[in-house]
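The values are calculated or read from the model by the stated rules, or taken from the named source; none is laboratory data. Just so it is clear, the model here is predicted, and its values are computed rather than measured. In this analysis, Cβ positions are derived from the backbone assuming ideal geometry, glycine residues included, and neighbour counts consider all displayed protein chains. For the accessible areas, the whole protein counts, side chains as well, though only heavy atoms, and no ligand, DNA or RNA atoms are used. Shrake-Rupley method; radii C 1.70, N 1.55, O 1.52, S 1.80 Å.
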Amino acid sequence: RADLVHVGFGAVRRLAELLGVSVDEITDRTTDDARWDVVTVDGSRVTGDGHPAVLAVRSGVAVRNVILGVRRPDEDQRVWIMASAIPEYDDQGSLERVVITVHDITRAQRAVMAHEALYRSVFRSMSDGVVVHDPDGSIRTANAAAERVLGLTEEQMTGRAALDPRWRLVTTDGDAAGPADIPSEIALATGEASGDRILGVHRPNGERAWLSVRADPLREPGDDTLRGVVATFTDVTVERESDLELRSSRAQIQRLLDAVPGVVF
């Protein structure tokens with residue numbers, strides 16, 4: 001059993017204060033007691049074997065630095081802890097106890113969550129389409145503008161690479177686009193930003209949209225490791241088709257002028 005036993009009174013009291021329960025409740029409950037109402041950082045509920053202490057008891061292997069949110073009975077917000085569960089063995093090699101360490105990271109975690117919420121809000125509301133590619137080229141996520149421009153949901157795009165033939169990407173010359181034509185592929189290959197390029201993409205309904213695309217490498221501050229690529233694009237279909245019509249009109253006028261004898265001003 002993953003009972004909270006063999007701990008000093010001071011530690012129990014501090015833990016009880018953090019979690020908003022009495023000392024008696026702390027020592028009476030097991031770590032996987034449903035009354036704790038524990039979730040992970042993505043909001044998934046932690047039950048049964050998901051608790052670090054239970055995992056350590058059953059596997060005999062240390063579980064370290066797991067971030068968990070525990071709802072206090074007297075608050076709507078959760079307290080956030082970083083928990084580790086370390087097995088200890090007796091002289092015969094039998095599991096004797098699991099030592100659980102808990103660090104209060106509520107302030108830091110709430111700051112991170114607020115920052116992520118702001119990022120998600122900005123990401124969703126951007127008028128430009130944005131897709132994030134993993135280092136293998138597959139799409140990790142996309143915003144609402146990308147869904148609207150490409151005619152696909154984020155779920156449908158996730159896992160699809162820019163070189164996937166279903167995009168039917170073409171250059172302005174009408175040729176099939178290759179790795180050297182696609183900004184996200186260029187950025188992944190070189191690790192450098194790739195400037196705006198015009199590409200045609202076919203939507204699922206058969207229509208072709210023209211996009212002005214650029215891509216920037218995704219790195220963490222102070223780390224040179226390429227974590228992926230952020231591709232941003234603007235729908236320039238109207239401008240592109242207007243330009244093609246203008247070119248066609250000018251070419252037609254020029255052919256007419258070339259056929260007229262004499263000089264025309």
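Table for the structure above
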| quantity | calculated |
| --- | --- |
| For the stretch 1-107, projected area of the alpha-carbon convex hull averaged over all directions, nm² | 6.7 |
| Residue-by-residue Karplus 3J(HN,Hα) for the stretch 89-104, coefficients 6.51, -1.76, 1.60, Hz, glycine and proline x | 10, 7, 5, 8, x, 8, 5, 9, 6, 10, 8, 9, 10, 10, 10, 7 |
| Contour excess over end-to-end distance, with Cα ends at L95 and D42 and 0.36 nm allotted per residue | 15.9 nm |
| Surface accessible to a 1.4 Å probe, per residue, for the residues of the chain, Å² | 61 |
| q = 0.14, 0.16, 0.22 Å⁻¹, the stretch 79-133: log10 I(q)/I(0) [Debye, one scatterer per Cα] | -0.63, -0.69, -0.86 |
| Ranked packing of 70-76, 199-205, 228-234, most packed first, by mean Cβ within 10 Å | 228-234, 199-205, 70-76 |
| Net lengthening on full extension, S59/F265 (0.36 nm per residue, minus Cα-Cα) | 65.2 nm |
| Cβ-based charge dipole, the stretch 111-187, positive-most Cα from S184, S125, T172 | S125 |
| Stokes-Einstein D (µm²/s) once Rh is taken as the Kirkwood radius of the stretch 107-246 over alpha-carbon pairs, at 37 °C in 0.692 mPa s | 208 |
| Extension gain, R107 back to I67 (0.36 nm per residue minus Cα-Cα distance, nm) | 13.1 nm |
| Neighbour net charge for S127 - beta-carbon separation under 12 angstrom, K R +1, D E -1 | 0 |
| Förster radius 41 Å - calculated FRET efficiency between R35 and T141 (Cβ-Cβ, nearest 0.05) | 0.70 |
| Average projected area [Cα convex hull, the stretch 128-204], square nanometres | 4.8 |
| The chain, relative contact order [Cα under 8 Å, separation at least 6], % | 10 |
| For the chain, average projected area of the Cα convex hull in nm² | 22.5 |
| Among V230, G200, V260 - extreme Cα towards positive end, dipole of the stretch 167-265, charges at beta-carbon | V260 |
| Distance between modelled label sites at E207 and Y119, nm, 7 Å Cα→Cβ extension | 3.3 |
| Structure-based [θ]222 nm, the chain - -39500 (n - 2.57) summed over DSSP H runs of at least 4, per residue, nearest 500 | -10000 deg cm²/dmol |
| Positive-pole candidate from A146, G20, G50, dipole of the chain, charges at beta carbon | A146 |
